[in-house]
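Worksheet: one structure, shown below.
A short reminder: the numbers here are calculations on the coordinates, not readings from a lab. Since the model is a prediction, treat every value here as computed from it, not as a measurement. Neighbour counts are summed over all protein chains in view; Cβ atoms, including those assigned to glycine, are modelled from backbone coordinates with ideal geometry.
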Amino acid sequence: MKKSYFFLLTSAICIFIFFGYELWINTQISEPQFDGSRAFQDIPQQIAFGPRTTGSEAQEKFLSWLIENLGSAGWQSSIQQTEMLGHSIKNVIAKRGNEKPQIILLAHYDSRLLADNDSDPIKQILPVPGANDGASGVAVLLELARILPVDSVPVWLVFVDAEDNGRIPGWDWILGSRAFAASLTDKPKAVVLVDMIGDADLNIYMEKNSDPELTKQIWGVAKNLGFEKSFIPQYKYQVIDDHIPFLEIGIPAVDIIDLDYKYWHTSQDTADKVSPGSLQRVGETLLKWISTQKP
């Protein structure tokens with residue numbers, strides 16, 4: 001009798017352990033995982049189009065590629081075409097469903113017209129390749145498009161044009177984001193901008209213009225994930241960037257940017273300066289932060 005009882009008890013424990021393990025495995029598999037290496041693969045592809053300057057053939061090729069990739073990931077995209085300072089601006093807005101956005105994730109995709117920080121005067125009149133300054137933010141948003149759970153809070157992914165041509169006659173900074181912000185009829189709870197976040201030596205300081213509470217939340221998530229060396233909890237820069245138009249109309253916005261990048265606005269802003277590990281830390285932080293947001 002005792003042997004039978006012992007056998008039944010042992011069998012029950014084994015079954016419990018087996019099904020408990022299976023449940024744990026399935027849970028682990030079902031949780032979305034940001035893949036920095038896969039995100040990185042989107043950077044050479046963008047560079048291959050050439051500099052994605054506003055109005056260029058490379059821009060058109062990029063836009064077709066972007067919309068195709070967003071569609072494959074289950075997002076519906078539209079192009080907001082408008083004019084700013086006499087320039088045709090094309091922003092891409094990606095949604096899933098018809099819900100109003102609670103969060104807008106933002107990146108600029110354009111390349112600067114002039115590599116005016118280059119040490120070579122001949123190269124200063126050429127456009128910037130834009131691997132980090134442009135393509136890295138796009139890569140993070142595209143990977144998030146692939147893995148964001150459909151039951152997350154409503155998110156829009158917005159890829160803006162004409163961010164990067166300030167200090168050039170006839171142009172200004174942040175034209176695409178100004179056009180998009182002006183078109184908003186429903187205000188999200190937060191706008192998160194990612195810009196120049198692929199630097200192999202990643203140092204993202206808190207940005208002085210950004211919303212303090214939103215900054216605290218995201219940097220807190222990064223710390224909990226062990227990324228405090230990359231998301232440095234100190235203020236250093238005050239930046240005119242694509243988050244500004246949203247702050248001006250009362251929407252909390254934050255700029256996640258690494259300005260300590262020596263190839264900024266030079267011909268050397270190429271894919272070999274970008275690290276999958278940096279994309280991983282930024283993407284993983286955003287994915288986790290979004291999961292903490294409540295409707």
I want to make sure I understand the PRE zone here: with the label point 7 angstrom from the Cα of Glu68 toward its beta carbon, which residues in segment 123-141 have backbone N atoms less than 20 Å away?
135-136, 138-141
For the pair Lys229 and Gln124, what calculated FRET efficiency results from E = 1/(1 + (r/R0)^6), where r is the Cβ-Cβ distance and R0 = 35 Å, to the nearest 0.05?
0.55
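Using a Förster radius of 35 Å, what is the FRET efficiency between Lys187 and Gln41 based on their Cβ-Cβ separation? Nearest 0.05, please. Mind dumping the intermediate values first?
Working: r = 35 Å, r/R0 = 0.99.
After rounding, the FRET efficiency stands at 0.50.
Rounded, prolate or oblate, given the Cα gyration tensor of segment 30-117, with a/c below 1.5 counting as rounded?
Numbers: a/c = 2.01, a/b = 1.29, b/c = 1.56.
It is oblate, given that a/c is not under 1.5 and a/b is not larger than b/c.
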Can you give me the angle between helix 136-147 and the longest principal axis of the chain, using Cα atoms only, in degrees from 0 to 90, rounded to the nearest 10?
30
Taking the Cα centre of each part, how many Å lie between segment 61-111 and segment 169-216?
15
Surpassing 28 Å at the alpha-carbon level, of the pairs Lys229/Lys262; Lys61/Lys229; Lys100/Lys288; Lys229/Lys288, are Lys61/Lys229
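Across every pair of different alpha-carbon atoms, what Kirkwood hydrodynamic radius in Å does segment 35-291 reach?
17.9
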Along segment 246-263, Karplus-curve 3J(HN,Hα) (6.51, -1.76, 1.60; θ = phi - 60°) to the nearest Hz, with x for Gly and Pro, reads 7, 4, 5, 10, x, 9, x, 9, 9, 10, 9, 8, 10, 8, 8, 10, 6, 9
Under the rule of at least 5 residues apart or a separate chain, name every residue whose amide H is placed under 5 Å from the amide H of Ile89.
Thr82, Glu83, Met84
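Rank by packing, highest mean first: peptides 239-247, 132-140, with packing defined as the count of other Cβ atoms within 10 Å averaged across residues. Don't jump to the answer; show the numbers that get you there.
Working: 239-247: 22.0, 132-140: 28.7.
Top of the packing list down: 132-140, 239-247.
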Ranked from highest to lowest mean number of other Cβ atoms within 10 Å per residue, what is the order of the peptides 73-83, 58-68?
58-68, 73-83
Taking Cα atoms, how many degrees apart are the long axis of helix 57-72 and the longest axis of the chain, rounded to 10 and kept between 0 and 90?
20
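So how much slack lies between Glu60 and Asn98, counting 0.36 nm per residue of separation and subtracting their Cα-Cα distance, in nm? Kindly include the intermediate steps, with their values, before the conclusion.
On the way: separation 38, 0.36 × 38 = 13.68 nm, distance 2.65 nm.
Stretched fully, the Glu60-Asn98 segment lengthens by 11.0 nm.
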